[in-house]
Amino acid sequence: LALAFAPRAAALSGGAMPAAHLWVDTDAGFDDLLAIAALAVHEKRLKLVSTTSGACETPTAGADRVARLLSRLGRDDVMVVAGRCAPHVAPAPWLVEARRAMLRWAAKTLGSYDADGFAPFVIDEVGAELALRAKGPYDALCLGPLTNVARVLERNDVPVASTTVMGGNALGADEPE
């Protein structure tokens, strides 16, 4: 999805309008971290990643992982924001194990958070919205629950040029799609 997004966005713009910055909203699950890594390497328009809960235990934990990943990839220029929690839904059994595996992988691969060694992340939602307004317009790539995106779109004060949504689990399903 991440590698396919850039050509799609370029085709949609028809070359007539300036390229919008890329905003990724994620629940920082392992699959999302892979997509963010691909975007960080191949997509210079990536300017903001916001996190919510879902596959990750909290938005702050997700922002920590995303900030460490981006720092390791040399993308300290990307703002990382810990957004709002998604409404609580009891996780499917496969997701509980996936979270455990992701925690083991993150600890082994990214190490523990060190404020002096990794990109900072913002917890202030108002600050994030101001940053969005300052850098817009944005193409939004939504990889997790839509809590943050819904708030931004509802307030209609951040220029969002396009929105692409990717889902990974049907309601009531015991296994991911």
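Backbone phi angles across region 67-78, fed through the Karplus curve with coefficients 6.51, -1.76 and 1.60 (θ = phi - 60°), yield HN-Hα couplings of 4, 5, 4, 4, 4, 5, 8, x, 10, 5, 7, 8 Hz in residue order; Gly and Pro are listed as x.
As a rough guide to protection, the peptides 156-164, 42-50, 61-69, 136-144 ranked by mean Cβ packing within 10 Å, highest first, stand as 61-69, 136-144, 42-50, 156-164.
Stretched out fully, how many nm does the piece from Thr58 to Thr163 gain, at 0.36 nm a residue minus the Cα gap?
Additional length available on full extension: 35.4 nm.
Extension gain for Ala101-Ala19 works out to 25.9 nm (0.36 nm per residue, less the C-alpha to C-alpha distance). Residues whose amide H comes within less than 5 Å of that of Thr163, counting only those at least five positions distant or on another chain, are Ala140 (H built at 1.01 Å from N in the peptide plane).
The numbers here are math on the coordinates, done by the rules we state, and not lab data. Note that the structure is a prediction, hence the values are computed from the model and not measured. A quick note on method: Cβ atoms are made from the backbone with ideal geometry, for glycine too, and the neighbour counts reach across all protein chains shown.
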